[in-house]
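Undergrad: Quick one: structure below, then a few questions.
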Amino acid sequence: AFADRERSGRGEGEGAFVGAVDRVDLAGASHRMPGLRSHAPALEQDEVIRRLGVCNEVLHAFVQAWDRQHGTGQGRRAAQLIVDTAPPECAPLFDGIEVDPDGRIGPSVVVRNLKRRPEPQRRGLAHRGFSDLIDRTLTRGADGLDDDHLERMLLPVAGYRERLGW
């Protein structure tokens, strides 16, 4: 229906813009080649530490709730078991990790573990590992805590996915 208007004013294989609104200024454009990236952008250490902080929020809430219900020290023990039983695809991220009595993981070992991996694998490992750790922690809490303690655990960690920023 619009074929006759589409070609009016243009020759075969040539295009023309009409009006100032249709102009595109490429003077300030970067000179990079178009195309697809072969891998994700590099994972910065600050990003790893920030996302580990979200994991630590969840682990800390879990340890506190677990300790209140099952006794002091039991939360750390349960959290360490969660970290130690990471699935094989996530395990390299948590190699040599110890959960402190407050239910937190120090960033230095996690960053070191990531740096041992090739650059293109780091972002995927961090994404899978942190997401899996949080999911398994919440699942363990849901399985092992009564409703009152579970609610106490979940309130401070609500919105963790947005804070992770994946």
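Undergrad: Rank by packing, highest mean first: peptides 60-67, 90-97, 139-146, with packing defined as the count of other Cβ atoms within 10 Å averaged across residues.
TA: Descending mean neighbour count gives 60-67, 90-97, 139-146.
Undergrad: Turning to a different aspect of this structure: Assuming R0 = 22 Å, can you tell me the calculated FRET efficiency for the pair Asp46 and Glu119, based on Cβ-Cβ distance, to the nearest 0.05?
TA: Approximately 0.85, to the nearest 0.05.
Undergrad: Related question: Assuming 0.36 nm per residue, please report the length gained on full extension of the stretch Asp84 to Arg152 beyond their Cα-Cα distance. Could you put the intermediate results ahead of the total?
TA: Values: separation 68, 0.36 × 68 = 24.48 nm, distance 2.46 nm.
Full extension from Asp84 to Arg152 adds 22.0 nm.
Undergrad: Can you compute 3J(HN,Hα) from phi for each residue in the range 53-67, using the Karplus curve 6.51 cos²θ - 1.76 cosθ + 1.60 with θ = phi - 60°, rounded to whole Hz and x for Gly and Pro?
TA: x, 5, 4, 5, 4, 5, 4, 4, 4, 4, 4, 4, 5, 5, 4
Undergrad: Where the convex hull is taken over the Cα atoms of the range 57-166, what is its projected area averaged over directions, in nm²?
TA: Orientation-averaged projected area of the Cα hull: 6.5 nm².
Undergrad: If you plug each phi of the range 137-142 into the Karplus form 6.51 cos²θ - 1.76 cosθ + 1.60 with θ = phi - 60°, what whole-Hz ³J(HN,Hα) values come out, in order, with x for Gly and Pro?
TA: Using θ = phi - 60°, the values come out as 5, 5, 5, 5, x, 5 Hz.
Undergrad: Now for a different question. Taking one equal scatterer on every alpha-carbon of the range 44-95, how large is log10 of I(q)/I(0) by Debye at q = 0.16, 0.26, 0.27, 0.29 1/Å?
TA: The calculated log intensity ratios at q = 0.16, 0.26, 0.27, 0.29 Å⁻¹ are -0.55, -1.00, -1.02, -1.06.
None of the figures in this text is laboratory data; all of them are computed from the coordinates on show. All figures in this text were calculated on a predicted structure; none of them were measured in a lab. We place every Cβ from the backbone using ideal geometry, glycine too, and count neighbours over all the protein chains shown.
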